[in-house]
1. If Gly26 satisfies all but one of (1) at negative phi; (2) outside the structural domain of Val272 (by TED's automatic domain parsing), what's the number of the condition it fails?
2. Select from the range 17-41 the residues that are assigned to a strand (DSSP E or B) and of a type in the set (A, V, I, L, M, F, W, C) and list them in ascending order.
3. List pairs: first residue in the range 69-90 and free of Cβ contacts under 8 Å to residues at least 24 places away in the same chain, second residue in a loop (DSSP other than H, G, I, E, B) and surrounded by 23 or more Cβ atoms within 10 Å (Cβ to Cβ) anywhere in the structure, Cβ distance under 7 angstrom, at least six positions apart or on different chains.
4. Evaluate the following for Ala256: is it in contact with a Gly (Cβ under 8 Å, 6 or more places away or on another chain) and without any contact (Cβ under 8 Å) to a residue 60 or more places away in the chain?
5. Output the residues belonging to the range 147-171 that are small (Gly, Ala, Ser) and at pLDDT below 75.
6. Test of understanding: among Gly338, Gly294, which residue is at pLDDT below 95 and either more than 28 Å from the chain's Cα centre (by Cα) or within 30 Å of Val59 (Cβ to Cβ) (or both)?
7. Does Gly283 satisfy being on the phi > 0 side of the Ramachandran plot and not polar (S, T, N, Q)?
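The values are calculated or read from the model by the stated rules, or taken from the named source; none is laboratory data. As the structure is a prediction and not an experimental result, all values here were calculated from the model. Here the Cβ positions follow ideal geometry from the backbone for every residue, glycine too, while neighbour counts run over all protein chains shown.
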Amino acid sequence: MSAFTRKDGELFAENVPAADIAREVGTPCFVYSLAELRARFRDYDAGFEGADHLVCYSVKANSNIAVLRALANEGSGFDVVSGGELKRVIAAGGDPSKVVFSGVGKQEWEIADALDAGILMFNVESPAELETINRVALERGARAPVALRVNPDVDAKTHPYISTGLKTSKFGIPIERCLEDYARASEMKGLEVVGADCHIGSQLTSSEPLVEAAGRMAALLRRLDERGIRPRYIDMGGGLGIVYDDEAPPTADEYAAKLVGALEGLDVTILVEPGRSIVGNAGILLTSVLYHKGNNEKNFIVVDAAMNDLPRPSLYSAFHRIEAADDTRDTVVADVVGPVCETGDFLAKEREVPAVAPGGLLAVMSAGAYAFAMASNYNSRPRAAEVLVDGENFYTIRRRETLDDLIGPESIPDVLES
């Protein structure tokens, strides 16, 4: 992660000491590097150079509107899975005509809002959804641009919670019945068939499943062409992994070359939906050490960040490297845990980590994706601040929530008043 380096033993975010950010903003806080965001997006854009393509950042990975604005400024499209994410893209200055709307449970109001915004296309997950989009479009005097999300029955060989391309997954339409559903969609007056979509999973560390899925999609498009149905977009989803520990995922260049090769000969624009691989290593979580605790069995380092701030370790047993913000060299084998009242509240288990004293600062690395976006107020904990670093400057792009924010949307009905 080139954005987070050490100078004289001290951790820096670009050209800002991490400790300076923590002193001004407080902890826990997420810190994102603008340079890293831009570099990772440009890697994808350059990888597909020479092919008609659109890189659509997957908003669910990190939906802060400053992050979205940074990518919109680079010319990014966006992959959204809710009306709220579409709202964020528009608020950030993203171009709705570069938005694809995915997700298995689109509601009528979301479909209507997306039509009014003029999105590029809906990635349709079921025959029932085709019917709903068709009806909503006709009611609004519109034609909805659609692609069918194809489930190619390809094993992504990743964590089962984030594997989406098998027959047992809730996602997509089985590839063996897609011809039938494409034929139905092409006859619906409120729909325009413009694309084909596929997404097999997340945190992929091998290109083989992607190539297999692309080959199946290419064969499907050729069969559609024989029937007079000619999608002009093929959306191959995202899913490329990052380095958390010792993974060796393909680079964006390698990924692009494999996809372009597998889709050779098709007259289509290639869409991809990277999320984690753009923002994951562009962010860290800064957290202060509160206490050291030990017993005859093990050691604990108690910090002020918790599973509500970074759910991935508790949810997926995910690994995040943990570093000291200063030049601490001593280490201890310990669980790094937070204040939440759950045994499952941990950031690391049985790990050799820096023996930072109470009051000191730790950095949880590779925390730019699926961290704040999945955060909650569990145990009535205010959510953390978010910070964007640009060279020698940093900016608070989401203030820390207050205790008043927690109860602001709630009310006590008159019937409970004594």
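1. (1)
2. Our first condition is that a residue be assigned to a strand (DSSP E or B); within the range 17-41, this holds for 17, 29-33.
Across the range 17-41, the qualifying residues are Cys29, Phe30, Val31.
3. Listed by first residue and then by second, the contacts come to Ala72/Gly94; Phe78/Gly94; Val81/Ser102.
4. Considered against the rule, which asks whether it is in contact with a Gly (Cβ under 8 Å, 6 or more places away or on another chain) and without any contact (Cβ under 8 Å) to a residue 60 or more places away in the chain, Ala256 comes out as no.
5. Ala156, Ser163, Gly165, Ser169
6. That would be Gly294, the only listed residue that is at pLDDT below 95 and either more than 28 Å from the chain's Cα centre (by Cα) or within 30 Å of Val59 (Cβ to Cβ) (or both).
7. It is false that Gly283 is on the phi > 0 side of the Ramachandran plot and not polar (S, T, N, Q).
Okay, residues lined up against (1) surrounded by 13 or more Cβ atoms within 10 Å (Cβ to Cβ); (2) not hydrophobic (A, V, I, L, M, F, W, C):
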residue	(1), (2)
Arg351	yes, yes
Val356	yes, no
Asn379	yes, yes
Glu386	yes, yes
Ile412	no, no
Glu417	no, yes
